[in-house]
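Have a look at this one.
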């Protein structure tokens, strides 16, 4: 029987040749394994914490010197005498040389590849020494760049393009420069007579929802062993199986068929359950069991649909699961730590549970990080989160010389094999923004050329994205392959809004459009868009490390914790265009957060409106950049490094509820004739729509109430509404109540706030939204004493009721001391519609609130 044991004990590490932190010949004990150098140096207090202040720059030397790790392990007589003995390295970061008992057994140059090394001739009974030396990936990259040439990129050092290492280690516009090195994944010793390798399980569901399950695997030796395959249901009971399967030429296959209704389908969250089946494979010979493998699988039919549209140019780009077209509301994912070995299953689960709790159903694993840990995909399977998976290429003019493509091919094969059984993984994309960079740098890029090899052009990586990766993906999996993100196809550039997926960065980057223009900045599937905001003030205070002299927005420490080019100008552009605000740090944090919350909610609201039914899926998905951070920082994340949600997390959560209501107000200017500039009328038009992501239509009541912020005037109307299934429904278009027609530019419009609610038959609120006049900077807010804001903590100490006599915009709740876990934030409150917020951990403490017009601007 195959026996595996980890080699995780007794490790020590050193800086080769010594240095300031580690003396020459000094070996320090490793305190955790797997690990990387920075993690161990921090635990030994040999370096300052790079997450604090300016210390990132005090540890740059770590990534430019060589390191070594070693351990002694004892091998038993049984292990030494086994027919086969391998050491398995799941991942080494990045340029490593491995010796066993003084004999070199492995050299590596790719962080994303695992290695299996036969070591039987070198293994001895008793003590054995395993030594791994790591060269500087940064210096090795610079060497390769001298040989192969300097190439174009966005973010980081250009040498990264030659190195198969997590690209964000070189620094990104949200992350620090921290060049890690070390044995970052498990190492194990494996003994066996024969082992099962290359398990390939394909659950295929047909359009009629009948299914087949194909199981194939390879045995490491060609003999007359017998295999059995059992399939167990979600409850562990045996569903079906085959025994006495003959292994021929080291390979075995089994096939099972299921008619519709005889098995359970896996669905994305919100559309059904996530039943996981277990496939058990066992191989025996005349002496007994040789090896066994188990793998979790699920049955689901996943398609990327690119159909022609009704009434608009272009094609859909949508995901269909089990014949259901899904609007994908979700987030982009970057590595959740600069030091990956500190990530645990619990941390992954906490992050992914935040997505589900925020009504999100898709996550995109971005191409500048890593192919994530198995725990990540397992949890996505369990929770019903669809995964868009990039290959690990980002924002660069990557090379395609032979040694590079050979390494990439093995990387792709290993990771496609590792991911292909996960029901959550529904698309593999060749890279992040590399075609966009090629367009920007005017590289060779003829979209009509579908035949060339491309390696001799100025965009050689087209060979990787259009030849190598699709070949590997199609050969080894049933997952849809997409050449890039963004990528339009049909001969169109990446900026085409009518085809493929789109990265819409003309808010913040690019032309720096007002966020109110999201409706004309839409795409068929918007896989990136975003707005920056500061994190929780507690996170700011963390990176300041107690230095209150740096506690202001323009300080060196605060600026060092925002890596985006031109962020001061861009943050201030959007702030000054929309808000009166202060530069006091807590106020500045609040206003950037409210700005982000308004920006992102507006995008989801307007793009869900474009999901208008079959043939009219004008926008089929929106993935915000980004859900998470890899260190404490100011960035586009909607949840900070410490898992503290920003207000935008909650506004997105509201816009992705099963039922929502949306509104726009637009001014319509009509001139008396085509010769005048002075004689005109201005009318304000209100449009209201509802959305329904469920698969059945919903009868509801639309209740609309308009308020004048500066008087007691209100007006209410109601109407019956039927929300179409899995679509948006237009509900109202007409004059904004209470707003007179204007005839002069000097006439200041009344400050009318419109509250819309969708109510079900028993009066429960299905969805609500308050529409305010913008920009907010023009609003003269009432005196605090006139608002009538009431914040009441319930007897349970964890419920907070909010009510008001005047409309209030952007309420963010907080407490002194440790934060509570709030169920909602960035709340718009109107008279007659009290709201209750849950606050786990509040423990009856007094609640404080910030809002627009609270006197702190």
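The values are calculated or read from the model by the stated rules, or taken from the named source; none is laboratory data. All of these numbers come straight from a predicted model, not from anything done at the bench. Backbone-built Cβ (ideal geometry, glycine too); neighbour counts: all protein chains shown.
Out of everything in the range 510-521 that is free of Cβ contacts under 8 Å to residues at least 12 places away in the same chain and in a loop (DSSP other than H, G, I, E, B), what residue ends up being farthest from residue 465 (Cα to Cα)?
513
Could you pull out the residue among 428, 445, 502 that is without any contact (Cβ under 8 Å) to a residue 40 or more places away in the chain and surrounded by 20 or more Cβ atoms within 10 Å (Cβ to Cβ)?
Testing whether each residue is without any contact (Cβ under 8 Å) to a residue 40 or more places away in the chain and surrounded by 20 or more Cβ atoms within 10 Å (Cβ to Cβ) leaves just 502.
Then there is this: From the list 99, 108, 133, pick out the single residue that is closer than 30 Å to residue 393 by Cα and more than 32 Å from the chain's Cα centre (by Cα).
The conditions single out 133.
A further question follows. Of these, 799, 790, which one is surrounded by 14 or more Cβ atoms within 10 Å (Cβ to Cβ), assigned by TED's automatic domain parsing to the domain that holds residue 845 and modelled with pLDDT of 95 or more?
Result of the check over 799, 790: 799.
Take the range 802-844 and flag every residue that is surrounded by fewer than 16 Cβ atoms within 10 Å (Cβ to Cβ) and over 29 Å from residue 713 (Cβ atoms).
816, 817, 818, 821, 838, 840, 841, 843, 844 - these are the residues of the range 802-844 that are surrounded by fewer than 16 Cβ atoms within 10 Å (Cβ to Cβ) and over 29 Å from residue 713 (Cβ atoms).
Also, quick follow-up: Using beta carbons and a limit of 7 Å, which pairs, at least six apart or on different chains, have the first residue in the range 659-679 and closer than 21 Å to residue 737 by Cα and the second one in a loop (DSSP other than H, G, I, E, B)?
Qualifying pairs under 7 Å: 665/736.
Now for a different question. Sort through 25, 19 and tell me the only one that's more than 36 Å from the chain's Cα centre (by Cα), assigned to a loop (DSSP other than H, G, I, E, B) and surrounded by 14 or more Cβ atoms within 10 Å (Cβ to Cβ).
Result: 19 is the single residue among 25, 19 that is more than 36 Å from the chain's Cα centre (by Cα), assigned to a loop (DSSP other than H, G, I, E, B) and surrounded by 14 or more Cβ atoms within 10 Å (Cβ to Cβ).
Restricting the search to the range 492-509, which residues are over 22 Å from the mean Cα position of the chain (by Cα) and at pLDDT below 95?
none
For the range 121-133, does any single residue satisfy the condition of being on the phi > 0 side of the Ramachandran plot and surrounded by fewer than 20 Cβ atoms within 10 Å (Cβ to Cβ)?
Checked the range 121-133: at least one residue is on the phi > 0 side of the Ramachandran plot and surrounded by fewer than 20 Cβ atoms within 10 Å (Cβ to Cβ).
Among the candidates 200, 222, which residue alone is part of a loop (DSSP other than H, G, I, E, B) and outside the structural domain of residue 404 (by TED's automatic domain parsing)?
222
Give the range 55-105 a look and list any residue that's closer than 16 Å to residue 140 by Cα and in a helix (DSSP H, G or I), or say none.
Passing the criteria: 60, 61, 62, 63, 64.
With respect to residue 435, is the statement that it is assigned to a helix (DSSP H, G or I), buried (at least 21 other Cβ atoms within 10 Å of the Cβ) and not assigned by TED's automatic domain parsing to the domain that holds residue 115 true?
Considered against the rule, which asks whether it is assigned to a helix (DSSP H, G or I), buried (at least 21 other Cβ atoms within 10 Å of the Cβ) and not assigned by TED's automatic domain parsing to the domain that holds residue 115, residue 435 comes out as yes.
Being in a helix (DSSP H, G or I) and in contact (Cβ under 8 Å) with a residue 60 or more places away in the chain is the filter; apply it to the range 359-401 and report the residue that is surrounded by the most Cβ atoms within 10 Å (Cβ to Cβ).
381
State the number of residues belonging to the range 309-320 that are in contact (Cβ under 8 Å) with a residue 40 or more places away in the chain and part of a strand (DSSP E or B).
3
If you don't mind, another one. Select, from 800, 754, 812, the only residue that is under 29 Å from the mean Cα position of the chain (by Cα) and in a strand (DSSP E or B).
812
For the range 541-615, list the helices (runs of 4 or more DSSP H) that sit wholly inside it and hold at least 2 residues that are buried (at least 20 other Cβ atoms within 10 Å of the Cβ) and in contact (Cβ under 8 Å) with a residue 40 or more places away in the chain; which are they?
Passing ranges, in order: 567-578, 585-609.
Continuing with the same structure: Identify the residue in the range 616-627 that is touching a strand residue (DSSP E or B) at 6+ places or on another chain (Cβ under 6 Å) and in a loop (DSSP other than H, G, I, E, B) and, among all such residues, is nearest to residue 729 (Cα to Cα).
Looking at residues that are touching a strand residue (DSSP E or B) at 6+ places or on another chain (Cβ under 6 Å) and in a loop (DSSP other than H, G, I, E, B), I get 620.
Now a separate question. Taking the conditions exactly as written (in contact (Cβ under 8 Å) with a residue 12 or more places away in the chain and outside the structural domain of residue 343 (by TED's automatic domain parsing)), does residue 18 satisfy them or not?
no
Of all residues being closer than 18 Å to residue 633 by Cβ and buried (at least 24 other Cβ atoms within 10 Å of the Cβ) in the range 152-173, which is farthest from the chain's Cα centre (by Cα)? Just the residue, please.
170
Among the residues of the range 737-755, write down those that are closer than 21 Å to residue 781 by Cα and crowded, with 17+ Cβ neighbours inside 10 Å.
Matches in the range 737-755: 737, 738, 739, 750, 751, 752, 753, 754, 755.
Condition check: surrounded by fewer than 14 Cβ atoms within 10 Å (Cβ to Cβ), over 18 Å from residue 134 (Cβ atoms) and at pLDDT 95 or above. Does residue 49 satisfy that?
no
Here is a follow-up. Give the residue that is surrounded by the most Cβ atoms within 10 Å (Cβ to Cβ), with candidates limited to residues of the range 249-270 that are touching a strand residue (DSSP E or B) at 6+ places or on another chain (Cβ under 6 Å) and in a loop (DSSP other than H, G, I, E, B).
Within the range 249-270, the match that is surrounded by the most Cβ atoms within 10 Å (Cβ to Cβ) is 268.
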